[in-house]
Amino acid sequence: MSSRIEPLAPAVPTPGAVSLTRGVTVTWWYTAGAVLFIELTVVATATAFVGATDLSGIALLIAAVSGLLWLASTLLLLLDYRRRLDARPGVPWGRLWLPLLAAVAFGLVVGLLGHSWQLAVMPLAQSIVLLNWPSGVRFRVVLAATLLLVGLSVVDSAAASVDAFLPRWLPVIVISLLPFMTVSSLWFWDVMVTLDRARASEARLAATQERLRVATDVHDLQGHHLQVIALQLELAERLLPRDPDAGMEQLRAARVSVDEARQGTRDLATRYRSVPLSDELANARDLLRAAGLEVEAVIDPDAAAAPASALGPVIRETTTNVLRHGGGRRARLALTRTVDAWRYEIANDAVQGARFGDDGSGLDGVRRRIDDVHGTLEIHADAEEFVVVVTVPSNAEEAR
């Protein structure tokens with residue numbers, strides 16, 4: 001007997017995975033928005049600081065415009081940072097010179113107009129913090145930038161005092177904490193990306209493990225049966241010349257082994273291709289309606305918890321039995337739950353002269369499946385109705 005294993009179809013992203021991916025994208029925009037808001041606050045603070053030392057309109061306009069240009073240039077740094085996990089190691093200085101130049105220009109403007117070393121260095125320090133540094137290097141860069149800004153604030157405080165319109169401590173605190181607040185937002189984004197990639201890796205690993213499990217089950221099943229069949233055929237070959245009856249007995253045993261291998265393969269395929277039980281019942285109802293029957297369906301709200309591997313083949317087989325032998329006008333489907341079992345019932349009106357299950361193979365197969373999970377099968381037939389009632393314990397999956 002030969003068997004062919006079809007390759008598994010690519011996994012379709014689950015709703016949860018799609019939702020998580022969208023959540024990562026939204027988190028990125030929240031992160032970028034938070035960084036830009038922090039920088040906008042710094043631009044407003046620096047502009048106010050300039051206004052506290054020089055109230056001329058031209059100075060305020062130059063400080064505000066250069067600050068907004070610097071703010072816009074940091075978008076390039078943020079977009080480059082978003083691709084940091086896929087980028088090559090190192091900082092791509094070639095395409096980042098424009099944002100750094102804008103930072104230097106803004107620093108010179110507010111530094112000269114506000115007479116502050118801290119304001120002069122702040123934009124460049126912020127832009128450098130946004131670069132795609134390795135994790136260890138980035139921590140040292142942030143620490144160095146923070147210490148530098150704090151030190152320059154001390155120099156500014158000792159050099160001159162500013163009008164009481166803007167207290168000296170306000171820009172000191174805001175600007176000194178800028179690198180730390182920025183990196184905190186970027187760290188949260190890094191965590192979300194890492195979690196998303198871990199989720200994707202886990203999904204791929206689960207699919208690989210499932211393929212290995214399918215391959216192992218098929219190998220064990222087919223290997224066992226093929227080995228038994230080979231031994232039985234070898235024994236029959238030896239016995240036929242001397243004892244034809246014994247040889248024929250081994251051939252019949254080999255045929256039984258072939259049937260068992262075929263049935264085992266079908267059972268294995270059914271287990272891996274199982275459909276949710278609610279879908280099985282909906283398909284059965286639609287199929288009977290398509291055949292012209294009036295169908296009444298009663299499905300328990302918790303049908304998803306029923307043992308699908310045990311009841312799914314039963315639903316398909318009994319539906320086929322109704323289509324093949326019924327020929328009536330009405331059918332009834334019901335799946336209900338008792339205290340410790342599930343009860344499935346399918347009934348259809350009998351037609352005069354119709355004989356149900358003449359070959360016996362369909363209902364016999366159902367009986368074997370139900371016996372495997374320690375359930376019961378009841379068949380009631382009279383002049384008006386043919387009913388099949390199957391009861392399986394709630395732990396039928398474990399019993400299988």
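What to note about this one:
- Criterion applied to Ala246, Ala253, Ala215 was being over 30 Å from Pro134 (Cβ atoms), touching a Leu at 6+ places or on another chain (Cβ under 7 Å) and modelled with pLDDT of 75 or more, and the one residue passing it is Ala246.
- Only residues that are part of a helix (DSSP H, G or I), in contact (Cβ under 8 Å) with a residue 60 or more places away in the chain and more than 45 Å from the chain's Cα centre (by Cα) were counted in the stretch 107-133, giving 4.
- Residue in the stretch 208-221 that is farther than 30 Å from Thr320 by Cα and part of a loop (DSSP other than H, G, I, E, B) present: no
- Test set (1) at pLDDT 80 or above; (2) in a loop (DSSP other than H, G, I, E, B) - Pro7 fails condition number: (1)
- Only one of Ala64, Ala46, Ala52 that is in a helix (DSSP H, G or I), modelled with pLDDT under 75, surrounded by 15 or more Cβ atoms within 10 Å (Cβ to Cβ) and over 43 Å from the mean Cα position of the chain (by Cα): Ala52
Residues are listed down the side, and each one gets a yes or a no for (1) buried (at least 22 other Cβ atoms within 10 Å of the Cβ); (2) modelled with pLDDT of 90 or more; (3) of a type in the set (Asp, Glu):
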residue	(1), (2), (3)
Arg316	no, no, no
His325	no, no, no
Arg337	no, no, no
Asp364	no, no, yes
Asp372	no, no, yes
Thr391	no, yes, no
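- Residue check: Ser274 meets all listed conditions (1) polar (S, T, N, Q); (2) in a loop (DSSP other than H, G, I, E, B); (3) modelled with pLDDT of 85 or more but one, namely (3).
- Candidate set: the stretch 104-146, residues that are surrounded by fewer than 20 Cβ atoms within 10 Å (Cβ to Cβ) and among the hydroxyl-bearing types (Ser, Thr, Tyr); chosen: the one farthest from Ile58 (Cα to Cα): Ser135
- Candidates Asp156, Asp190: the one that is surrounded by 19 or more Cβ atoms within 10 Å (Cβ to Cβ), at pLDDT below 80 and in the same structural domain as Ala72 (by TED's automatic domain parsing) is Asp156.
The values are calculated or read from the model by the stated rules, or taken from the named source; none is laboratory data. Owing to the predicted nature of the structure, the values given are computational and were not obtained by experimental measurement. Every residue, glycine among them, receives a Cβ derived from its backbone with ideal geometry; neighbour counts consider all protein chains shown.
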